[in-house]
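Taking it in order: structure first as structure tokens, then the write-up.
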């Protein structure tokens, strides 16, 4: 009897995670971080973590000191940095930079923020950030910009799961040339469908070129983050005639909720001041302007609405929103823009909100919507298919351009406690968070399938 064939190694490309060292993850970076952490925690020796060499267009295994940043949690640090005096902390940071000068600019910000907050010297943040950046660049130059002496890997016998950073970059052809089988996550096709939603619309051409190269190459598998993204990819394949790649889909994990359960309570609580929550990068595609207009109309008509808390970094294409906020200064007391938050703060905002809102024009999944349901929080979403999918059709959905409809629904949700309770009950009956283990196993099995 012939022994069953051993599945091929899976090489998980962690390049993008290292370039975003310690930035609070959201959206695509959060999903990619989940994959890297799941791969790092996987005891299966066939799962390997690799990093792309920009200078040679090849891959190598990651050093232990490169894996460590991927294991950090929120604002926590490994024991080697905790409990130090100011001088000892500085020396420890410099040792870390010498051992890994290739982490990128976000590491400079993180180390400076940690040192200044730990020792109550916030005025020195920019000074230390520039100092660490100069020191890191000097170390990279002195070490010949290598950062590692590990040899290149031969990936032809395995399956390479690409990171988003390599997928979107200029070196993809190098990657395709050294692998016989590869896979990539399809979050969405927004760069092709709506390039005007990008911060740099010219990147649409690079994205489309890379995508076409991947779909033409034999042995490519597309791992879709949602049924919506799978349909996007199917339609694109049909239009372009590039139908050879196999499409699979994995269940989106409840990453933040799972972390919240490990840390403490996840049940809702009554906030001191009621608020509505919107978790998303502040960019034109997310439609913050619609909400600003809703809250201004409420002020004009004497309708009392809770504050709107918008969590997420300020992105691109927001000129109309900025002009509107400037022209309506009364909104300054009703709309709160927190900037990008760490996981612990996000958890508390989800737990304490009255309800969530997500009026995006277009999404591939809509993590902010599914995270609301993870915490049992009602959310009003737009009718874009991904948000209806992420909420299982359980939540009210409105056209993202239906201003009157959004105003009426927000006013109703804010003022009707029985309505909100009925939606919470619907979530409890019909929605189930997905564990990261279940999601990762689904990805692995889809890669190993013949």
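The values are calculated or read from the model by the stated rules, or taken from the named source; none is laboratory data. On a predicted model such as this, the values are computed, not experimentally measured, just so you know. Reconstructed Cβ throughout: ideal geometry from the backbone, glycine too, with neighbour counts over all protein chains shown.
Considering segment 378-411, the residues that are part of a helix (DSSP H, G or I) and free of Cβ contacts under 8 Å to residues at least 24 places away in the same chain include one that is surrounded by the most Cβ atoms within 10 Å (Cβ to Cβ), namely 388. Would you confirm, using the coordinates I've provided, whether residue 195 is outside the structural domain of residue 318 (by TED's automatic domain parsing), in contact with a helix residue (DSSP H, G or I) (Cβ under 6 Å, 6 or more places away or on another chain) and closer than 26 Å to residue 175 by Cβ? Yes. Condition (residue is at pLDDT 95 or above, crowded, with 16+ Cβ neighbours inside 10 Å and under 25 Å from residue 362 (Cβ atoms)) applied to segment 202-216: is it met by at least one residue? No, segment 202-216 contains no residue that is at pLDDT 95 or above, crowded, with 16+ Cβ neighbours inside 10 Å and under 25 Å from residue 362 (Cβ atoms).
Considering (1) farther than 30 Å from residue 201 by Cα; (2) assigned to a helix (DSSP H, G or I); (3) in contact (Cβ under 8 Å) with a residue 40 or more places away in the chain, the lone condition that residue 115 does not fulfil carries the number (3).
For segment 43-64, does any single residue satisfy the condition of being part of a helix (DSSP H, G or I) and either at pLDDT 65 or above or buried (at least 17 other Cβ atoms within 10 Å of the Cβ) (or both)? The answer is yes, given that some residue of segment 43-64 is part of a helix (DSSP H, G or I) and either at pLDDT 65 or above or buried (at least 17 other Cβ atoms within 10 Å of the Cβ) (or both). Suppose the filter is in contact with a helix residue (DSSP H, G or I) (Cβ under 9 Å, 6 or more places away or on another chain), closer than 20 Å to residue 15 by Cα, modelled with pLDDT under 85 and in a loop (DSSP other than H, G, I, E, B); does residue 81 pass it? The answer is no for residue 81.
Take the conditions assigned by TED's automatic domain parsing to the domain that holds residue 163, in a strand (DSSP E or B), free of Cβ contacts under 8 Å to residues at least 40 places away in the same chain and in contact with a strand residue (DSSP E or B) (Cβ under 8 Å, 6 or more places away or on another chain) and apply them to residue 248. Does it pass?
No; evaluated as a whole, the condition is false for this residue.
Of all the residues in segment 268-295, those that are within 30 Å of residue 439 (Cβ to Cβ), in contact with a strand residue (DSSP E or B) (Cβ under 9 Å, 6 or more places away or on another chain) and part of a loop (DSSP other than H, G, I, E, B) number 4.
Answer yes or no: is there a residue in segment 309-326 that is under 18 Å from residue 415 (Cα atoms) and surrounded by 17 or more Cβ atoms within 10 Å (Cβ to Cβ). Checked segment 309-326: at least one residue is under 18 Å from residue 415 (Cα atoms) and surrounded by 17 or more Cβ atoms within 10 Å (Cβ to Cβ).
For the residues 238, 298, the requirement of being part of a helix (DSSP H, G or I) and surrounded by fewer than 14 Cβ atoms within 10 Å (Cβ to Cβ) singles out 238. When residue 265 is tested against (1) outside any helix (DSSP H, G or I); (2) touching a strand residue (DSSP E or B) at 6+ places or on another chain (Cβ under 9 Å); (3) in contact (Cβ under 8 Å) with a residue 40 or more places away in the chain, exactly one condition is not met: (2). Evaluating residue 370 against the criteria (1) crowded, with 19+ Cβ neighbours inside 10 Å; (2) closer than 15 Å to residue 287 by Cα leaves one unmet condition, (2).
You will find that of 368, 356, the residue that is touching a residue at least 24 places away in the same chain (Cβ under 8 Å), assigned to a strand (DSSP E or B) and touching a strand residue (DSSP E or B) at 6+ places or on another chain (Cβ under 8 Å) is 356 and no other.
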